[in-house]
1. Can you tell me the 0 to 90 degree angle between the C-alpha axis of helix 140-151 and the longest principal axis of the chain, rounded to 10?
2. By the scheme Lys and Arg +1, Asp and Glu -1, what is the net charge of all other residues having a beta-carbon under 15 Å from that of F222?
3. Using a 1.4 Å probe, what is the accessible area per residue for the chain, in Å²?
4. Could you please state, rounded to a whole Å, how far the C-alpha centre of the stretch 112-175 is from the C-alpha centre of the stretch 60-96?
5. For F240, F222, what's the largest-to-smallest order of accessible area, 1.4 Å probe?
6. Over the stretch 85-177, with a single point scatterer placed on each C-alpha, what log10 of the ratio I(q)/I(0) does the Debye formula yield at q = 0.13 1/Å?
7. Pop the C-beta distance of D6 and D132 into the FRET formula with R0 = 51 Å and round what comes out to the nearest 0.05.
8. Using only Cα atoms, tell me the angle between helix 111-124 and the longest principal axis of the chain; keep it within 0 to 90° and round to the nearest 10.
Amino acid sequence: MIVFEDVSLSFGDHVVLDRVSFSANFYEKIAILGGSGAGKTTILRLILKLVEPDSGRILIDGQDIARLSEKQLREVRMKFSIVFQEGALFDSMNVKENVAFCIREYYNLSEEEIESRVRDLLRRVGIEDAIDLMPEELSGGMQRRVAIARSLAACEPRMILYDEPTTGLDPITADTICELINELSQGEPPERRGLIMVTHKVTDAVKVAERFMYLRSGRIAFDGGLEELKATTDQELRRFINEIL
């Protein structure tokens, strides 16, 4: 379980999160909504301790991650994988080496074993034929697929974190990525792998999530299911989700 207890974070005079509290099970499918600069991506980074809060606590399976050693923190991070916005592939590496990067970091495998694992991961996301291509040769949708394969390379995470996974994609390609996200989190709780998807694209959020959080002014202004979201009387939130009303 992920637990945020009164978590606050500011960058200079800009308050990003203001005493944010919530809990989430690993099997949940959550979309974090909000405008630019609302703190959505910051929540993902805090979960992985890529940034630290100014105050409050973050617990993963009951462990306060601020108190963990590097070894313990690595074990916590292995429970997650993250797909960064726009893929964030290494431009100088082909698809194989991008996916193999984490495998080389975590495992002592032969080249044959590495290639076999890379091909298996690319097959899972439907682009094995692109193994020798460079990132610049890939479409936006293919880059996201490579990024998802790379996120799965080091481990089989309990939850996948997606940072704006459909930004910049045409509607058809965005639909395809949403289908892939659902495939990777299929099944029933509590056995299934969960997800947290940060996005400002409400139509994509409803294709993958069952729980929705809306950030405003550094706080959680809404936390609930789809029907509750559609029934909200918060006028600002209604304008934000107008596409699905």
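1. Approximately 90 degrees, to the nearest ten.
2. Values: positive: K40, R211, R216, R219, K230, R238, R239; negative: E210, D223, E227, E228, D234, E236.
Within the 15 Å Cβ shell, the charges total +1.
3. Details: 11680 Å² over 245 residues.
On a per-residue basis, 48 Å².
4. Their Cα centres are 16 Å away from one another.
5. Working: F240 50, F222 30 Å².
So, going from the largest accessible area down, we get F240, F222.
6. -0.40
7. Details: r = 49 Å, r/R0 = 0.97.
FRET efficiency, D6 to D132: 0.55.
8. 50 degrees
The values are calculated or read from the model by the stated rules, or taken from the named source; none is laboratory data. Nothing here was measured: the structure is a model prediction, and the numbers come from that model. Glycine also receives a Cβ, built like all others from the backbone with ideal geometry; neighbour counts cover every protein chain displayed. Ligands, DNA and RNA are excluded from the accessible area calculation, which covers all protein heavy atoms including side chains. Shrake-Rupley method; radii C 1.70, N 1.55, O 1.52, S 1.80 Å.
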